[in-house]
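The values are calculated or read from the model by the stated rules, or taken from the named source; none is laboratory data. It should be emphasised that the depicted structure is a prediction, and the values quoted were computed from it without experimental measurement. Cβ: placed from backbone, ideal geometry, glycine included. Neighbour counts: every protein chain shown.
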Amino acid sequence: MAILKSQMSTKMYDWRVGSIYSALSQAGKEQGPLEVSDLLALGHLDQYHYLGVSACDEGIDILGLNENAVVLDVGSGVGGPARYLSHKTGCQITAVELQQSLNEMAIELTQRVGLEDKVRYITGDILNIDLEQNHYDHFVSWLVFLHIPNKEKLFSTCFNALKPGGQFLIEDMVALNPFTEKEVETLETVIFAPDVPSCDAYRGYLENAGFINIHFENLSVPWTGWVNDRYQQHHAKQAEHIMLYGEEVFHSRAHLYRKTTELFNAGNLGGMRITGEKPQ
């Protein structure tokens, strides 16, 4: 089943821009300078991936990021992880995001926290933009690659962008077991994930691109707990969330969260942290 990029982005992500403005307005911070902590207080509106900033902190430690690092963030959303990584380590980040409205939000928020000299944003499809070759010390991506079916070109593009010896960190969904027909339909039409490979297939994509020292860390247990908690909390805070997002978005998110929870609980869908490097 073909998934239109515009369809995916509109259904999954457009709600975040208005919701961020709404949340900042409720906090009395609709305009003017912000601290990174102000945005972290928005939770998943800023860090739209599983386990939030704790996942970013582990990425910092694993990659050894510091002020000398040059990082590529693939699928940067409203810029939450990119801002956090740079704020914590001083690294320089180029953040690539497909959807213009999210990138515009990211640029505004980055300026308001004073990180515009550290984080730059590119709007476009990672498969079709001109990236500096052999330029980046690292690339990172949190819960984005599941939306990109052309894994061969994706990993070739990322490989070419890294310096020799450059490292990567990806957190992504994987198939722990073969999916049922119903699960495939849910992944395609609700999660907008047209290609969720097994670990063996994922490794094959990476090795064919040229990466070495590939390691998989199974995150399925903490992710399953996290998505269950997210679904429960979404309903427990229904009145608050309807006020923030609106009723239509509330029910849309509830549907997504329920379906995601069902997939993880069934045991065929899992999560992995994947690391590796480009040969010297």
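Worth pointing out:
- When we screen ASP38, ASP61, ASP14 for residues that are closer than 27 Å to THR189 by Cβ, among the acidic types (Asp, Glu) and surrounded by fewer than 18 Cβ atoms within 10 Å (Cβ to Cβ), the only hit is ASP14.
- Near pairs, Cβ below 6 angstrom, 6+ apart or cross-chain, from the range 206-227 (farther than 12 Å from MET272 by Cβ) to any residue that is assigned to a strand (DSSP E or B) and not charged (D, E, K, R): PHE211/GLY276; ASN213/GLY276
- Residue in the range 152-167 that is modelled with pLDDT of 95 or more, closer than 22 Å to ARG16 by Cβ and either in contact with an Asp or Glu (Cβ under 7 Å, 6 or more places away or on another chain) or of a type in the set (A, V, I, L, M, F, W, C) (or both) present: no
- In the set (1) within 18 Å of the chain's Cα centre (by Cα); (2) over 17 Å from ILE93 (Cβ atoms); (3) part of a loop (DSSP other than H, G, I, E, B); (4) not small (Gly, Ala, Ser), HIS44 fails one condition alone, (3).
- Residues that are out of contact with any helix residue (DSSP H, G or I) (no Cβ under 7 Å at 6 or more places or on another chain), among the hydrophobic types (A, V, I, L, M, F, W, C) and not in a strand (DSSP E or B), drawn from the range 101-147: ALA106, ILE107, ILE129, LEU143, VAL144, LEU146
- Residue in the range 121-159 that is surrounded by the fewest Cβ atoms within 10 Å (Cβ to Cβ), counting only those that are touching a residue at least 40 places away in the same chain (Cβ under 8 Å), more than 16 Å from LEU206 (Cβ to Cβ) and among the hydroxyl-bearing types (Ser, Thr, Tyr): TYR121
- Residue tally, condition over 23 Å from GLY32 (Cα atoms) and aliphatic (A, V, I, L, M), over the range 70-94: 5
- When the range 212-249 is limited to residues that are part of a strand (DSSP E or B) and among the aliphatic types (A, V, I, L, M), the one that is surrounded by the most Cβ atoms within 10 Å (Cβ to Cβ) turns out to be ILE214.
- Residue check, ASP200 without any contact (Cβ under 8 Å) to a residue 40 or more places away in the chain and either part of a helix (DSSP H, G or I) or crowded, with 17+ Cβ neighbours inside 10 Å (or both): yes
- For beta carbons closer than 9 Å, sequence separation of 6+ or different chains, a first residue in the range 56-80 that is closer than 17 Å to LEU162 by Cα and touching a residue at least 60 places away in the same chain (Cβ under 8 Å) and a second that is assigned to a helix (DSSP H, G or I) and of a type in the set (Phe, Trp, Tyr), the qualifying pairs are VAL74/PHE145; GLY75/PHE145.
- When residues of the range 166-197 are limited to those that are part of a loop (DSSP other than H, G, I, E, B), touching a residue at least 60 places away in the same chain (Cβ under 8 Å) and out of contact with any helix residue (DSSP H, G or I) (no Cβ under 6 Å at 6 or more places or on another chain), the one surrounded by the most Cβ atoms within 10 Å (Cβ to Cβ): ILE191
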